[in-house]
Amino acid sequence: DEVEHLLTRCLQPSISDEDLDGASYQLSLFVSAITALHKAGLYNAADDVFIDAVSRGVLPLNLAKQTFGIERRFTLDLHGMNVAVANSAVRVALQQEVLSTSYDASDVWDKDMVIVTGRGTKSALRM
């Protein structure tokens, strides 16, 4: 895929700017790519880049699954994410949850989903 090839090439530059370390550069690159793809309406491609960033440890996917007696829910924390990255995080989290759910009658998808949003004054991540 063209987007993945471009990201791979861009992730290997020599960083000469003293104010921008490698982790900040990667974060900026992934966020910019996801944002551009999202603005172009290429949501699946943006999701693929998001998954790549999560797998590399550049972006978080803060998804917590909890059980309270018979109630099940999962919480997705979007603090510090811009709209495009948050959109991909929600889409990817829902896809993962649906794919991990068995489709027999005894396991109907009855979980609540809590989405935590906001800027978060103590969030380490800001986009």
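The values are calculated or read from the model by the stated rules, or taken from the named source; none is laboratory data. Model, not experiment: these values are computed from the prediction. No Cβ is skipped: glycine too gets one built from the backbone with ideal geometry, and neighbour counts run over all protein chains shown. To get the accessible areas, we keep the full protein, side chains included, count just its heavy atoms, and leave off ligands, DNA and RNA. Shrake-Rupley method; radii C 1.70, N 1.55, O 1.52, S 1.80 Å.
Are there any pairs with C-beta distances below 7 angstrom linking a residue in region 61-79 that is farther than 22 Å from VAL31 by Cα to a residue that is open to solvent by 100 Å² or more (accessible area, probe 1.4 Å) and part of a strand (DSSP E or B), with the two at least 6 apart or on different chains, and if so which?
Hits for this filter: PHE74/LYS65.
Quickly run through region 64-89 and pick out the residues that are surrounded by fewer than 19 Cβ atoms within 10 Å (Cβ to Cβ), outside any helix (DSSP H, G or I) and of a type in the set (A, V, I, L, M).
ALA64, ILE70
Are there any pairs with C-beta distances below 6 angstrom linking a residue in region 45-60 that is open to solvent by 40 Å² or more (accessible area, probe 1.4 Å) to a residue that is of a type outside the set (Gly, Ala, Ser) and not in a helix (DSSP H, G or I), with the two at least 6 apart or on different chains, and if so which?
Sorted first by the residue in region 45-60, then by its partner, the pairs are VAL54/LEU61.
Is there a residue being of a type in the set (S, T, N, Q) and touching a helix residue (DSSP H, G or I) at 6+ places or on another chain (Cβ under 9 Å) anywhere in region 35-43? Even if it seems obvious, please write down each step before you answer.
Of region 35-43, the ones of a type in the set (S, T, N, Q) are 35.
Now drop any that are not touching a helix residue (DSSP H, G or I) at 6+ places or on another chain (Cβ under 9 Å), which leaves 35.
Yes, region 35-43 contains at least one residue that is of a type in the set (S, T, N, Q) and touching a helix residue (DSSP H, G or I) at 6+ places or on another chain (Cβ under 9 Å).
If you scan region 2-50, which residues turn out to be β-branched (Val, Ile, Thr) and either assigned to a loop (DSSP other than H, G, I, E, B) or modelled with pLDDT under 90 (or both)?
Matches in region 2-50: VAL3, THR8, ILE15.
When the residues of region 31-44 are filtered to those that are open to solvent by 50 Å² or more (accessible area, probe 1.4 Å) and among the small types (Gly, Ala, Ser), which remaining residue is farthest from THR8 (Cα to Cα)? Full working, then the answer.
Restricting attention to region 31-44, the residues satisfying the condition of being open to solvent by 50 Å² or more (accessible area, probe 1.4 Å) are 32, 36, 39-40, 42-44.
Filter once more, so that each one left must be among the small types (Gly, Ala, Ser): 32, 36, 40.
Working: SER32: 14, ALA36: 17, ALA40: 21 Å.
The extreme case among them is ALA40.
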